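Asks: Before anything else, here's the structure in question.
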Number of protein chains: 2
Amino acid sequence: MLLSDMKMFRVIKSDLAVLEDELLAASESPVPLITEVGAHLVRSGGKRLRPALFLLAARANGAANFDRGKAMPLAVAIEMIHMASLVHDDVIDRAGTRRGALTANAKWGNRVAILSGDYLFAQAFSLTVGRGYDEGVGLRLAELVSGLTVGEIMQDVSLYSAENTMPEYFQRIEKKTANFLALCCEIGGMVSGLDAGAAKGLYSYGHSIGMAFQMTDDLLDITGDAVKLGKPAGNDIRQGVVTLPVIRALKSSDSRDELRSIVTNGSMTDDMLSRALEIVRSSDGVQFTRKFVDEYLEKAKKSLPENIAGDVRATFIKAADYIGKRDF
Amino acid sequence: MLLSDMKMFRVIKSDLAVLEDELLAASESPVPLITEVGAHLVRSGGKRLRPALFLLAARANGAANFDRGKAMPLAVAIEMIHMASLVHDDVIDRAGTRRGALTANAKWGNRVAILSGDYLFAQAFSLTVGRGYDEGVGLRLAELVSGLTVGEIMQDVSLYSAENTMPEYFQRIEKKTANFLALCCEIGGMVSGLDAGAAKGLYSYGHSIGMAFQMTDDLLDITGDAVKLGKPAGNDIRQGVVTLPVIRALKSSDSRDELRSIVTNGSMTDDMLSRALEIVRSSDGVQFTRKFVDEYLEKAKKSLPENIAGDVRATFIKAADYIGKRDF
């Protein structure tokens, strides 16, 4: 579901509608195949959480200071960077579908998928130069991409390992998700003309909801409904990604030795995966993780700068609540 | 061989030495594995043609106007973009070695190779923001990356096709190589403080030597020595990349039907490849291509703005001659 369809995001509903058109336009290329890939990626959706947070932050200094023409290229760039990283992830994971649609690699092969991702990165950067943005904006976008790749590589290093520690997990999801959401919020605040202190407050808000968002994602992989998720439960465990509920269960469950032998097995069967899910679900791993989610969401709300008011403030708070409750 | 080892490039010899250190520094990351991949890529070399052209152009407005501190981050960014595109190409082509060294995908797998390429792109962009460059510089770097990917995808679309026309070939190598070298020269001219007209002249120079460079590459694949090249001859034909000598032979050779049946065969044997090489070598395809190379190199020399003088001018001219004569 797009966030723009949710009543709580009505303050940016029209921005998100414009975003869809602009995303299609920015994916166009002189080569028809690239345009086709871009349109497929845009149309296969995604929640648009990152540009939504950015646009919300870009409205945080009051409607009078919101300049859609100035904000929109950055919203597009942010979503294109996200799309590019997903396209490359799908090549890496040899994924066949995402959100019910064929992945670019499944539809056009790895070559086109890798190059389309590179094209999206390049287009994202070109959207951010020559428009008079503060240089800090460009720096943060570059930081965002390098952080993403660092997070993914950190994840790779720790695949199928039962030696993952909580600090490693926190560092990894910070790089992979929290910093991205934090930078969306901060850049939005910068573009809105908020002072540096308030922009940093928005960064903290985004960081905390990013941590909560990734942990919720990791929880859904354990407890979620395959139909709603659009992918089978236990996907992370199968791919060797050891998340917080599992890390906890590896410590606290009576069946921890059995769990350990499964999650470190690079060729686990469906039965083994089901058993691992069963062990984690009946451990305190889920509750343990949920507690962190709630704490991060509380922290997020407290980080919101006081001078952000009205509908925008209310939406930021509802967004945090939504992240705590989402089941897809 | 590094260009810095060649006497003709002595005017930028010290710049190229600094470049090597800066490349290593810029590839560093908080994740040791990324640093290791970066160092491997830097150390496995390459001629450094692109940053060399950029640095030469950055010296084109006289030694007094050359600011190494301002030029070097761009030289590093240019080579990192080139490295990133090669890393992704090697994943796409499943290449095991490049220039005699193991590729990143062979050494660390596709995941690490794809993400390292993304990291290099991001680092390249971050080097170019926050340093007060003209906004046109950033735009041109983004254009360079999107052009590269467009060129590669165009190449993909025409693989194993005997219907490649000369205009398609020219467009493809322009996107893949000539525009890159052109932009290196133009950006160098911009940074040196040359006026826009002279920078455009440098662009034309770079474009022409880029066309000649790629055609020489394509010729070497037909006529080159496997040991000097560090890869077997006929690599392009095997991978379905139909280059100008082959396009010509498909038209002019008495054995064109036989050649056509080989180059369109996605699973050609070694014997078939040898026969295809034999047909192209004994056709007028090589001579035909060489004529274009010579014309482009003449055009390159004529494009050099008149106000570029002295050692820098002499080096630009020698660089064109070198491209015409290189055998590796």
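The values are calculated or read from the model by the stated rules, or taken from the named source; none is laboratory data. None of the values given here were measured: they were computed from a predicted structure. Cβ sites come from the backbone with ideal geometry, for glycine too, and all protein chains shown count toward neighbours.
Asks: Just name the residue that is farthest from residue A:311 (Cα to Cα) out of those in the stretch A:1-39 that are in contact (Cβ under 8 Å) with a residue 40 or more places away in the chain and within 14 Å of chain B (Cβ to nearest Cβ).
Replies: A:33
Asks: Regarding residue A:172, is this residue modelled with pLDDT under 95 and not in a loop (DSSP other than H, G, I, E, B)?
Replies: Working: modelled with pLDDT under 95: yes; not in a loop (DSSP other than H, G, I, E, B): yes.
So residue A:172 passes the test.
Asks: Assess whether residue B:199 counts as being out of contact with any strand residue (DSSP E or B) (no Cβ under 6 Å at 6 or more places or on another chain), under 25 Å from residue A:149 (Cβ atoms) and of a type in the set (Gly, Ala, Ser). Full working, then the answer.
Replies: Details: out of contact with any strand residue (DSSP E or B) (no Cβ under 6 Å at 6 or more places or on another chain): yes; under 25 Å from residue A:149 (Cβ atoms): no; of a type in the set (Gly, Ala, Ser): yes.
So residue B:199 fails the test.
Asks: Here's another thing I want to ask about it. So residue A:29 clears everything in (1) at pLDDT 95 or above; (2) surrounded by fewer than 21 Cβ atoms within 10 Å (Cβ to Cβ); (3) over 20 Å from the mean Cα position of the chain (by Cα) except one condition, right? Which one?
Replies: So residue A:29 meets the others, but not (1).
Every residue, every condition in (1) farther than 27 Å from residue A:183 by Cβ; (2) surrounded by 21 or more Cβ atoms within 10 Å (Cβ to Cβ); (3) of a type in the set (Asp, Glu); (4) touching a residue at least 60 places away in the same chain (Cβ under 8 Å), yes or no:
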position	(1), (2), (3), (4)
A:196	no, no, no, no
A:201	no, yes, no, yes
A:222	yes, yes, no, yes
A:226	yes, no, no, no
A:237	yes, yes, no, no
A:242	no, yes, no, yes
A:251	yes, no, no, no
A:260	yes, no, no, yes
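Asks: I'm checking my understanding of the structure. Among residues of the stretch A:133-148 that are farther than 18 Å from residue B:119 by Cβ and more than 8 Å from chain B (Cβ to nearest Cβ), which one is modelled with the lowest pLDDT? Please lay out each step first, then the result.
Replies: Keep residues of the stretch A:133-148 that are farther than 18 Å from residue B:119 by Cβ, which gives A:133-137.
Okay, now just the ones that are also more than 8 Å from chain B (Cβ to nearest Cβ), so A:133-134, A:137.
Details: A:133: 90, A:134: 87, A:137: 90.
Top of the filtered list is A:134.
Asks: Follow-up. Restricting to the stretch A:108-127, count the residues that are at the interface with chain B (Cβ under 7 Å from one of its Cβ atoms) and closer than 16 Å to residue B:146 by Cβ. Outline the logic, then answer.
Replies: Taking the stretch A:108-127 as the starting set, the residues that turn out to be at the interface with chain B (Cβ under 7 Å from one of its Cβ atoms) are A:110-112, A:114-115, A:118-119, A:121-123, A:125-126.
Filter once more, keeping what is closer than 16 Å to residue B:146 by Cβ: A:112, A:114-115, A:118-119, A:121-123, A:125-126.
Residues that pass the stated criteria total 10.
Asks: Take the stretch B:150-168 and flag every residue that is touching a residue at least 24 places away in the same chain (Cβ under 8 Å) and facing another protein chain (nearest Cβ under 8 Å). Give the steps one after another, and end with the answer.
Replies: Just the residues of the stretch B:150-168 that are touching a residue at least 24 places away in the same chain (Cβ under 8 Å), to begin with: B:150-152, B:155, B:158-162, B:164-166.
Passing the criteria: B:150, B:152.
Asks: With respect to residue A:151, determine if the residue is modelled with pLDDT under 90 and closer than 28 Å to residue A:243 by Cβ.
Replies: Details: modelled with pLDDT under 90: yes; closer than 28 Å to residue A:243 by Cβ: yes.
Spelling it out, residue A:151 is indeed modelled with pLDDT under 90 and closer than 28 Å to residue A:243 by Cβ.
Asks: From (1) at pLDDT 95 or above; (2) more than 14 Å from chain A (Cβ to nearest Cβ), pick out the condition that doesn't hold for residue B:227.
Replies: Every condition holds for residue B:227 apart from (1).
Asks: Out of all the residues in the stretch A:117-134, which are in contact with a helix residue (DSSP H, G or I) (Cβ under 7 Å, 6 or more places away or on another chain) and either in contact (Cβ under 8 Å) with a residue 40 or more places away in the chain or not in a helix (DSSP H, G or I) (or both)? Lay out the reasoning, then the answer.
Replies: If we filter the stretch A:117-134 for residues that are in contact with a helix residue (DSSP H, G or I) (Cβ under 7 Å, 6 or more places away or on another chain), which is where we start, we get A:117-131, A:134.
If the condition is that a residue be in contact with a helix residue (DSSP H, G or I) (Cβ under 7 Å, 6 or more places away or on another chain) and either in contact (Cβ under 8 Å) with a residue 40 or more places away in the chain or not in a helix (DSSP H, G or I) (or both), then A:119, A:120, A:121, A:123, A:124, A:125, A:127, A:128, A:129, A:130, A:131, A:134 are the ones that fit.
Asks: Of the numbered conditions (1) within 8 Å of chain B (Cβ to nearest Cβ); (2) at positive phi; (3) under 20 Å from the mean Cα position of the chain (by Cα), residue A:130 satisfies every one except a single condition; which is it?
Replies: Against the list (1) within 8 Å of chain B (Cβ to nearest Cβ); (2) at positive phi; (3) under 20 Å from the mean Cα position of the chain (by Cα), residue A:130 comes up short only on (3).
Asks: Using the structure shown, decide if residue B:163 is surrounded by fewer than 24 Cβ atoms within 10 Å (Cβ to Cβ), assigned to a loop (DSSP other than H, G, I, E, B) and modelled with pLDDT under 95.
Replies: Working: surrounded by fewer than 24 Cβ atoms within 10 Å (Cβ to Cβ): yes; assigned to a loop (DSSP other than H, G, I, E, B): yes; modelled with pLDDT under 95: yes.
So residue B:163 fits the description; yes.
Asks: A follow-up question, please. Is it fair to say residue A:279 is at pLDDT 95 or above, farther than 30 Å from residue A:137 by Cα and assigned to a helix (DSSP H, G or I)? Break it down into steps so the answer makes sense when it comes.
Replies: Details: at pLDDT 95 or above: yes; farther than 30 Å from residue A:137 by Cα: yes; assigned to a helix (DSSP H, G or I): yes.
So residue A:279 passes the test.
Asks: Next up: Quick one: residue B:241 ticks every box in (1) more than 15 Å from the chain's Cα centre (by Cα); (2) more than 30 Å from residue B:59 (Cα to Cα); (3) in a helix (DSSP H, G or I); (4) not aromatic (Phe, Trp, Tyr) except a single one, so which number is it?
Replies: If we test residue B:241 against (1) more than 15 Å from the chain's Cα centre (by Cα); (2) more than 30 Å from residue B:59 (Cα to Cα); (3) in a helix (DSSP H, G or I); (4) not aromatic (Phe, Trp, Tyr), just (3) comes out false.
Asks: OK, next. Take the residues in the stretch A:289-328 that are in contact (Cβ under 8 Å) with a residue 12 or more places away in the chain and outside any helix (DSSP H, G or I), then tell me which one is farthest from residue A:100 (Cα to Cα).
Replies: A:307
Asks: Also, I was wondering about something else. Quick one: would you say residue A:144 is of a type in the set (A, V, I, L, M) and assigned to a helix (DSSP H, G or I)?
Replies: Working: of a type in the set (A, V, I, L, M): yes; assigned to a helix (DSSP H, G or I): yes.
So residue A:144 passes the test.
Asks: Sticking with this one: With (1) farther than 18 Å from residue A:301 by Cβ; (2) away from chain B (no Cβ under 13 Å); (3) part of a helix (DSSP H, G or I) as the list, and residue A:185 as the residue in question, which single condition is left unmet?
Replies: Evaluating residue A:185 over (1) farther than 18 Å from residue A:301 by Cβ; (2) away from chain B (no Cβ under 13 Å); (3) part of a helix (DSSP H, G or I) leaves (1) as the failure.
Asks: Of the residues that sit in the stretch B:117-151 and are of a type in the set (Ser, Thr, Tyr) and in contact with a Phe, Trp or Tyr (Cβ under 8 Å, 6 or more places away or on another chain), which one is surrounded by the most Cβ atoms within 10 Å (Cβ to Cβ)?
Replies: Looking only at the stretch B:117-151, we keep the residues that are of a type in the set (Ser, Thr, Tyr), and these are B:119, B:126, B:128, B:133, B:146, B:149.
If we keep only those that are in contact with a Phe, Trp or Tyr (Cβ under 8 Å, 6 or more places away or on another chain) as well, we get B:146, B:149.
Working: B:146: 21, B:149: 27.
Out of the qualifying residues, it is B:149.
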